[in-house]
Amino acid sequence: DFVDVAALGAVTTKGVSLHGWAGNASPRIAETPSGMLNSIGLQNPGVEHLKTVELPWLRDQGATVIVNVSGHSAQEYASVIEALEDGPVDAYEINVSCPNVDAGGMTIGTDPSSVEAVVSRCRQATKRPLIVKLTPNVTSVVDIARAAEAAGADAISLINTLLGMAVDAKTRRPKLARVVGGLSGPAVKPVALRMVWECYHGVSLPILGMGGIATGEDAVEFMLCGATAVAVGTANFSDPASTARVIEGIERYCREQGVDDVNELRGALKA
């Protein structure tokens, strides 16, 4: 009702696993200055539900679909992809970066050899585009990006959330049941921009930039740092039409700056 999803470059689904995951205990959302913490734990009903409910709806809307794939092992990631190969999926986003699960996610994404193993197995499972979603919770994000590239990734997306926590001083308790969670929103944008810039100069893969994008100008900043495309996440909580407004903002910037092709912005930062 808020956005014509067919007008977006693509829609990325919530992370899906082979079988349903219950997620973490509540409370699992906490507001922070200029952002939010979440500790959802990749709750989802499983790949069969995605195939029978969400994907048909997205297909009927004319949306381009990127499925975010989760798993506890390389084989589990590949099994999700194999289950989706006969569905209306345009690309896969391999989530090796979620900080809110005990196995898989960030536990894989902080180690180049583990990333290479997962991406290699996923590459064997499909010829469709593979986007690998990277964690910022590492010393060198470029090392992780190079591992994904070596294993056959077609693109990378970054960043996922920064590991953080919130405390209630009155109760002297953490605000999240899991204690720590993933920080997203405008507060993480400077980190995200830096990592997009580093990876743009460190690998040859296209970059899907994200992290605090709420306006067209935010999106342009990511493109100037090297992003080929951008994604909007947390802004949707405060403005369900934020994606459409970001697109309008990019178009307005291009008109005002005399940019004929938005691709001219990619990597055009004067640094």
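The values are calculated or read from the model by the stated rules, or taken from the named source; none is laboratory data. A quick note: this is a predicted structure, and the numbers were derived from the prediction, not measured. Neighbour counts are summed over all protein chains in view; Cβ atoms, including those assigned to glycine, are modelled from backbone coordinates with ideal geometry. Heavy atoms of the whole protein, side chains included, go into the accessibility calculation; ligands, DNA and RNA do not. Shrake-Rupley method; radii C 1.70, N 1.55, O 1.52, S 1.80 Å.
At a glance:
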item	result
Elements of type helices (runs of 4 or more DSSP H) in the stretch 1-109, at least 2 residues being of a type in the set (Ser, Thr, Tyr)	74-84
Gly71, sole failed condition from (1) crowded, with 16+ Cβ neighbours inside 10 Å; (2) within 18 Å of the chain's Cα centre (by Cα); (3) more than 14 Å from Val119 (Cβ to Cβ)	(3)
Every pair of residues 6+ apart whose Cβ atoms lie under 8 Å, when the first sits in the stretch 237-265 and is closer than 12 Å to Glu217 by Cβ and of a type outside the set (Lys, Arg) while the second is open to solvent by 100 Å² or more (accessible area, probe 1.4 Å) and part of a helix (DSSP H, G or I)	Gly249/Glu217; Tyr253/Glu217
Count of residues meeting criterion [without any contact (Cβ under 8 Å) to a residue 60 or more places away in the chain and in contact with a Leu (Cβ under 9 Å, 6 or more places away or on another chain)] in the stretch 212-231	9
Residue, nearest to Lys189 (Cα to Cα), within the stretch 122-143, restricted to residues that are outside any loop (DSSP other than H, G, I, E, B) and aliphatic (A, V, I, L, M)	Val141
Restricting the stretch 1-31 to residues that are among the β-branched types (Val, Ile, Thr) and modelled with pLDDT under 95, the residue that is nearest to the chain's Cα centre (by Cα)	Val5
Count of the stretch 147-165 residues which are of a type outside the set (S, T, N, Q) and either open to solvent by 20 Å² or more (accessible area, probe 1.4 Å) or touching a Gly at 6+ places or on another chain (Cβ under 8 Å) (or both)	10
Candidates Ile81, Ile66, Ile40 - the one that is of a type in the set (A, V, I, L, M) and farther than 29 Å from Gly164 by Cβ	Ile81
Subset of the stretch 32-53 (residues that are over 16 Å from the mean Cα position of the chain (by Cα), farther than 18 Å from Glu82 by Cα and of a type in the set (Ser, Thr, Tyr))	Thr32, Ser34
Given (1) open to solvent by less than 20 Å² (accessible area, probe 1.4 Å); (2) in contact with a Gly (Cβ under 7 Å, 6 or more places away or on another chain), number of the condition Arg123 does not satisfy	(1)
Filtered residue count, the stretch 137-146, keeping only those that are open to solvent by 10 Å² or more (accessible area, probe 1.4 Å) and not acidic (Asp, Glu)	6
Qualifying helices (runs of 4 or more DSSP H) (wholly inside the stretch 193-271; at least 2 residues being out of contact with any Asp or Glu (no Cβ under 7 Å at 6 or more places or on another chain), open to solvent by less than 20 Å² (accessible area, probe 1.4 Å) and at pLDDT 95 or above)	216-224, 242-257
Close pairs (8 angstrom Cβ cut-off, 6 or more residues apart or separate chains): of a type outside the set (S, T, N, Q) and assigned to a loop (DSSP other than H, G, I, E, B) in the stretch 110-121, surrounded by fewer than 18 Cβ atoms within 10 Å (Cβ to Cβ) and at pLDDT 95 or above anywhere	none
Selection within the stretch 6-37 - surrounded by fewer than 19 Cβ atoms within 10 Å (Cβ to Cβ) and within 21 Å of Lys175 (Cβ to Cβ)	Ala22, Gly23, Ala25, Ser26, Pro27, Ile29, Glu31, Thr32, Pro33, Ser34
Positions within the stretch 165-182 being of a type in the set (Gly, Ala, Ser) and closer than 13 Å to Ala25 by Cα, in sequence order	Ala177, Gly181
Residues satisfying the stated conditions in the stretch 38-63, i.e. farther than 30 Å from Val191 by Cβ and open to solvent by 60 Å² or more (accessible area, probe 1.4 Å)	Pro45, Glu48, His49, Thr52, Val53, Glu54, Trp57, Arg59, Asp60, Gln61
Residue tally, condition closer than 25 Å to Asn38 by Cα and out of contact with any helix residue (DSSP H, G or I) (no Cβ under 8 Å at 6 or more places or on another chain), over the stretch 74-94	2
